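Inspection log for the structure reproduced underneath, given as structure tokens.
The values are calculated or read from the model by the stated rules, or taken from the named source; none is laboratory data. This is a predicted model, so every value here is computed, not measured. FYI the Cβ positions are ideal-geometry reconstructions off the backbone, even for glycines, and counts take in every protein chain you see. Note: accessible area is taken over every heavy atom of the protein model, side chains too, but ligands, DNA and RNA are not part of it. Shrake-Rupley method; radii C 1.70, N 1.55, O 1.52, S 1.80 Å.
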Amino acid sequence: MSRLEAKKPSLCKSEPLTNERVRATLCVLKGILTSSYGPSGRLKQVHNGLGGCVCTTSQSSALLSNLPVTHPILKILTTSMQNHVSCFSDCGLFTALLCCNLIENVQRLGLTPATVIKLNQHLLRLCTSYLKSESCACRVLVDFSSPQRLLCLVRSIVTSKPACMLTREETDHISALVLRAFLLTIPENAKDRLVLGKSIIVPLKGQRVLDSTVFPGILIEVSEVQLMKILPIKKSDAFKVALFCASLSGDLSDTGDGTVVVSSRVSLENAVLEQLLNLGRQLVSDRVDLVMCQKVIHPSLKQFLSVHRVIAVDRVGAALMEPLSKVTGTQPIGSLGSISPSSYGSVKDLCPAKFGFKHFLHLIPNEATICSLLLCNRNDTAWDELKLTCQTALHVLQLTIKEPYVLLGGGCTETHLAAYIRHKTCNEPESMLKDDGCTQTELQLITEAFCSALESVAGSLEHDGGEVLTDMKYGHFWSAQTESPSVVHWPDLLSRCGCGLYNSQEELRWSFLKTTRHPFAPQTCLPHEATGSTNNLILDCFTAKLSGLQVAVETANLILDLSYIIEDKN
């Protein structure tokens, strides 16, 4: 009998944010996230000290899932960010950085949590209403008749992931492929309700990135020997298909707690094999051309089907079952009994394909919104990062169909929004103070903390010690490398703002980002021709960034409102 220990009392800590250790830990987390932010963000290697795989990344989804955090406040923060990324795929680092900056800035003010939370919520509503308004100068409408802005959006996502190790040519190639793969998932004759298809990413590691390509339909990996057995594949009309989700291996299924009683004169193996062969006879009788099984097909059944010129492919895996069902129009068959004719489907054609050292069977659909993105990269680490990036880009494009807007990227939305909020609260404070009982001084303090948090996120894009600025007309973000900022002529050093929309040759005045400046009204109502004339804009997903803004503020408010942490140490 094991020794019983007395139950330990729960550990109760008050005002956790006043603890220096907690502040230092938050500061370390912020430093990790800040140094990972943007196209020139530094890579991180996360690994277990006891061994295992090493994760090299700068993406929030990989970082947050691999960073072991133990303190409850950090758990709240990282879990909140992970939930955001799981829903929207993008803007995870933006969300986490803004949350950390808000907590850090507000702590210095000494205001009560109730006042801070109330005013933060007001400023959040001001941000969201402006970003959703027609007068917003950092929101751009997406025209789906022209792919240029969608291509800019995808390219912005790909270039922000340096661990993919792509050249400019490779970035353009992957961006175009991802956009093409997404467009192939859109049905041609959608009526009332648009149901998107799916892009399947097929791995091909150790090959050139430029060898990546997109195919309509599905690529099923098969061995060279298996492919040789089913060649040549010739048929004038469509191929009839049967898709099995049940195992055809002949193994006895799990009986749970039950008992199987078998007569001594009956061979169970022979009985099961006969049932499989009867199934094969029905498939041949029904003129099925292709049999696919999620699991294993018995060798004898494979041989029987092969003799009757039926192609058999097994071990396709659970991940491909839904796409295969859509492409072929089949109903997955889950038993070894008689098959209903309605369970069968068809494909337009079958083709063998070889890429690198892998062999595939290419299923070409009649009409389907499923495609295969054959993704190549030089090594496992870079391929894993590229796969995650492509999945993010595809998800962002899906979100953009629902809300056809994008935001200007490169830090310009953050600095423009900060300029707008400063001007609004400075010139119209009464609208925010009339119902809350807060003073104008408190409003000014929180506004400055909020705007500084936004500007700090934009400033995190600069990793090489350059100067970060904002212009006094549009409120956009600019950065430049200089040794003597006090005597420099800025138009000579600055080329374009962070998003690439404006150039430095306009009549602009600049101010350092982290200095005090008089509030000004940034130009609103972005002219259509301004974005139409630029082909290399840096863009962000509207839906993901708007959600990230809300999640960051609400998570910061939750953490700032914590008075006690009670931990059970048993």
In segment 284-302, which residues are over 40 Å from the mean Cα position of the chain (by Cα) and of a type outside the set (Lys, Arg)? 284, 285, 286, 299, 300, 301
Selected residue (only one of 20, 104 is within 29 Å of residue 445 (Cβ to Cβ), touching a residue at least 40 places away in the same chain (Cβ under 8 Å) and among the acidic types (Asp, Glu)): 104
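Could you say which residue among 306, 342, 338, 346 is more than 18 Å from residue 223 (Cβ to Cβ) and touching a strand residue (DSSP E or B) at 6+ places or on another chain (Cβ under 9 Å)?
Details: 306 fails: more than 18 Å from residue 223 (Cβ to Cβ); 342 fails: touching a strand residue (DSSP E or B) at 6+ places or on another chain (Cβ under 9 Å); 338 fails: touching a strand residue (DSSP E or B) at 6+ places or on another chain (Cβ under 9 Å).
Being more than 18 Å from residue 223 (Cβ to Cβ) and touching a strand residue (DSSP E or B) at 6+ places or on another chain (Cβ under 9 Å) holds for just one of 306, 342, 338, 346, which is 346.
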Among the residues of segment 76-132, the number that are assigned to a helix (DSSP H, G or I) and open to solvent by less than 50 Å² (accessible area, probe 1.4 Å) is 34
Among the candidates 124, 179, which residue alone is closer than 30 Å to residue 57 by Cβ, at pLDDT 95 or above and in the same structural domain as residue 443 (by the TED database)? 124
Need the failing condition index for residue 360 against (1) within 19 Å of the chain's Cα centre (by Cα); (2) not in a helix (DSSP H, G or I), just the number. (1)
Looking at (1) at pLDDT below 80; (2) not in a loop (DSSP other than H, G, I, E, B), find the lone condition where residue 34 falls short. (1)
Report yes if residue 129 is free of Cβ contacts under 8 Å to residues at least 12 places away in the same chain, under 30 Å from residue 181 (Cβ atoms) and small (Gly, Ala, Ser), otherwise no. no
Given the criteria of a type in the set (D, E, K, R), open to solvent by 40 Å² or more (accessible area, probe 1.4 Å), over 40 Å from the mean Cα position of the chain (by Cα) and modelled with pLDDT of 80 or more, does residue 211 qualify? no
Please identify the pairs in which a residue from segment 519-531 that is under 11 Å from residue 139 (Cα atoms) has its Cβ atom under 8 Å from the Cβ atom of a residue that is assigned to a helix (DSSP H, G or I) and modelled with pLDDT of 80 or more, counting only partners at least 6 apart or on another chain. 524/420; 531/149
Being of a type outside the set (Ser, Thr, Tyr) and open to solvent by less than 30 Å² (accessible area, probe 1.4 Å) is the filter here; which residues of segment 324-357 pass it? 324, 327, 333, 339, 345, 347, 350, 353
Criterion first (polar (S, T, N, Q), modelled with pLDDT under 90 and not assigned by the TED database to the domain that holds residue 167) does residue 86 satisfy it? no
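Within the group 22, 46, which residue is under 27 Å from the mean Cα position of the chain (by Cα), assigned by the TED database to the domain that holds residue 545, surrounded by fewer than 20 Cβ atoms within 10 Å (Cβ to Cβ) and among the aliphatic types (A, V, I, L, M)?
Result: 46 is the single residue among 22, 46 that is under 27 Å from the mean Cα position of the chain (by Cα), assigned by the TED database to the domain that holds residue 545, surrounded by fewer than 20 Cβ atoms within 10 Å (Cβ to Cβ) and among the aliphatic types (A, V, I, L, M).
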I'm told residue 176 meets every condition in (1) under 21 Å from the mean Cα position of the chain (by Cα); (2) small (Gly, Ala, Ser); (3) crowded, with 19+ Cβ neighbours inside 10 Å except one. Can you identify the failing condition by its number? (3)
